[in-house]
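Enquirer: Pasting in a structure now, in structure tokens, and then I'll have a few things to ask.
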Amino acid sequence: MTILSKESAQDVLVDVQNVKKYFPIKGGILKRTIGHLKAVDDVSFHIHKGETLGIVGESGSGKSTLGRVILRLLDPTEGSIQFSGTEISHLKRRHFRPYRRDMQIVFQDPFASLNSKMSVAELIEEPLLVQTSLTRLERKEKAIEIIEKVGLRAADRLKYPHEFSGGQRQRISIARALITNPKFVICDEPVSALDVSIQAQVLNLMKDLQEDLGLTYLFIAHDLSVVKHISDRVAVMYLGRIVEIADKHSLYSNPLHPYTQALLTSIPVIDTDENPAPKEEKIKLTGDLPNPANPPSGCTFRTRCPLAHDRCAVERPELTELEKGHFVSCHLYTQEK
Amino acid sequence: MNKEPVLDVEQLKTYFYLDDDKVARAVDNISFSIYPGETVALVGESGSGKSITALSVMQLINKPGRIVEGNILIDGEEIIQLNPKQMTKIRGNEIAMIFQEPMTALNPVYTIGNQITEILRKHKKMSKIDARDKAINLLKTVGIPRAEEIMKEYPHQLSGGMRQRVMIAMAISCEPKLLIADEPTTALDVTIQAQILDLMAEMKEKYHMALLLITHDVGVVSEYADRVMVMYGGQIVEHAQTKELLRHTKHPYTKGLLESLPNMDEDADRLGTIKGTVPPAYNFPAGCRFSARCPFVMEKCKQSNPELEEIETDHFVRCYLYENEGEQE
């Protein structure tokens, strides 16, 4: 299945096709593989140059694993990942290394992702040391340039991570990701550990940097309002699969999948109207996310879906284009074959 | 309201005496009351003192922290002078608390059943069998399926949402008059968050409790709280009915907080921000504690800290911008 039209194929930066990542589950005295945890189960999408694709999903949906597979921090079990037209999913580590400078990642917890024994200068210059043959002076110049770009002061170079607040640390993480002039940055929950006022500062910074440097983002988060703010298109994941992907305006104004609808109605909203309009009936999901090691048959969402019917237990729904650019995988919208 | 408050906090000060002779004024002169059946939200960013306020009410402040001044009255009874044994009776029976991370609040080496029956046997002096029946009932009340089996399971076998349900079951086991929930849903996914918040609202009705909800999520506040208190730098800076506070926001900090939230209905290219960061509690600026970050700062703000004034009926603000407004009317 391909969801790419020919004319847009040229400006696609990342193209992910049928990617799967299974983790073996070992058990018994011989520690044999007794099953697989399907963290990412047949996922396809593409990201255009300069675009931000948001991925939302609850914990355990496989969104972070997906990000790590694209960066080859984990090897995919199956599927193809193309970066700028080059297949990278099966490159050997040594051959993949040159691509790393083009693909970077910013992690969630700025307290865990920065080595506390390294100064800011060391942290930020480290990627240059690995990836380039710049001299010490050149590295320093470059580091100062990027430090100022992310809103810190050049003098902060000599400080250590513990001297900074959470928001400032996330700026350091961003500087470290951007110093190799990457084309593509995966942001894995970059603001969820921050207070709202600081979160806004970091989101603004990320938008500015995207414009300045022509970056392409894959923005992974669980907060739907943050994802809406920063993304152009949004994919919704549930138990390792994409259940809906669309332009953010059509996804948020016209969610088609029952899971997306439930996600959107469960966000508590700030109500400031004098005469609030009668609220849409909330779709309450019952129960928890099923165990990903033992997902339900057919549609994995059916155990929590208020609209599930017989067919959902038997047949896995395909991701189908219902409106232009709006894909959903749900039997409600497709005819039985 | 004519009823007597369940909780009355008067001029509470909780300070932490740090090693290097610094004094962190985590909670600095806070007064508020909570009436039966009410949900009051305490909102603020990390370091604003909202959790310390809750822990002070529970008398769970450890060294180097100490309640320096003030009164805390539960149902009209002063609890600050109580000895640990007397306080143990109040905790659980009169006030109960739910924490953010249920995994750290539950004991990993005891079964769920053990942990709930312990409370019932200690506080209610129930027999083993009665306590077990009551515990199963409680688990059913909070919407846990297969309650009998869950009794034998350990906390790590449950999901985050289920653990928080167990915490709620434990908190309501002695039918407290006041339930304090400190960021009860922050660690949970949004669909589970909705379930837990609705459960808390339902339990509040069922057991006629008052609820003190500590959160940083203004959306949660808007949907569940009757009144809101906004904390900054260990003090309440704005306090009003929820609708009033969200519609007619007064304090520059509250305004900044609301503007920095991404809006689901509108498309803004940039978010509003509050410059700088929350000052540490041992190093507040002289004058108004928000002055260093405030876009409307005046000379006066740097000199002295404004008082929390009632500028409209039931709308309290700590800001010089609204000085004398209450008196003119």
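Enquirer: I want to verify a result. In a Gaussian network model of chain B, Cα cutoff 10 Å, which of these has the top mean-square fluctuation: B:ASP75, B:ASP314, B:ASP265?
Expert: Between B:ASP75, B:ASP314, B:ASP265, it is B:ASP265 that shows the largest mean-square fluctuation.
Enquirer: Take every Cα-Cα distance within chain A, group them into 10 Å bins from 0 onward, and report for each bin the whole-number percent of pairs it holds.
Expert: 5, 23, 31, 24, 13, 4, 0
Enquirer: Taking a threshold of 32 Å on the Cα-Cα distance, which of the pairs B:LYS89/B:LYS206; A:LYS38/A:LYS284; A:LYS20/A:LYS183; B:LYS85/B:LYS152; A:LYS31/A:LYS284 fall above it?
Expert: In this structure, A:LYS31/A:LYS284 lie more than 32 Å apart at Cα.
Enquirer: Still on this structure, please answer the following. Rg/Rh for region B:103-175 to two decimals, with Rh computed the Kirkwood way over all alpha-carbon pairs.
Expert: Result for region B:103-175 is an Rg/Rh of 0.92.
Enquirer: So, one more: Checking a compactness column here: for chain B, what do you get for Rg(Cα) / (2.2 N^0.38 Å), N being the number of residues? Each step should come with its number before you reach the end.
Expert: Values: Rg = 20.8 Å, N = 329, 2.2 N^0.38 = 19.9 Å.
In units of the 2.2 N^0.38 Å rule of thumb, it is 1.05.
Enquirer: Run a plain Debye calculation on region B:114-249 (Cα atoms as equal point scatterers, no solvent) and give log10 I(q)/I(0) at q = 0.12, 0.14, 0.21 Å⁻¹, rounded to two decimals, same order as the q list.
Expert: With no solvent term, the Cα-only Debye profile gives -0.54, -0.70, -1.27.
Enquirer: Here's another thing I want to ask about it. What is the Cα convex hull volume of region B:1-157 when expressed per residue in Å³?
Expert: 161
Enquirer: Could I ask something else about it? So what is the accessible area of region B:98-238 per residue, in Å², with the probe set to 1.4 Å?
Expert: About 38 Å² of surface per residue is accessible.
Enquirer: Here's another thing I want to ask about it. Quick one: among B:GLU69, B:GLU94, B:GLU312, which has the greatest mean-square fluctuation in a GNM of chain B with alpha-carbon springs under 10 angstrom?
Expert: B:GLU312
Enquirer: Consider just the alpha-carbon atoms of the protein assembly as shown and return their Rg together with their Dmax, both in angstrom.
Expert: Cα radius of gyration and Dmax of the protein assembly as shown are 26.6, 82 Å respectively.
Enquirer: Across the Cα atoms of region A:88-245, what radius of gyration and what greatest pairwise Cα-Cα distance (Dmax) are found, in Å?
Expert: Spelled out, the Cα radius of gyration and Dmax of region A:88-245 are 16.1, 49 Å.
Enquirer: With springs only between Cα atoms under 10 Å apart, run a GNM on chain B and tell me which of B:ASN93, B:ASN263, B:ASN29 wobbles the most.
Expert: B:ASN263
Enquirer: With N set to the number of residues, divide the alpha-carbon radius of gyration of region B:193-316 by 2.2 N^0.38 Å and report two decimals.
Expert: Region B:193-316 yields a ratio of 1.20.
The values are calculated or read from the model by the stated rules, or taken from the named source; none is laboratory data. Note that the structure is predicted; figures quoted are calculated from it, not measured. These area figures cover heavy atoms from the full protein model, side chains too; ligands, DNA and RNA do not enter into them. Shrake-Rupley method; radii C 1.70, N 1.55, O 1.52, S 1.80 Å.
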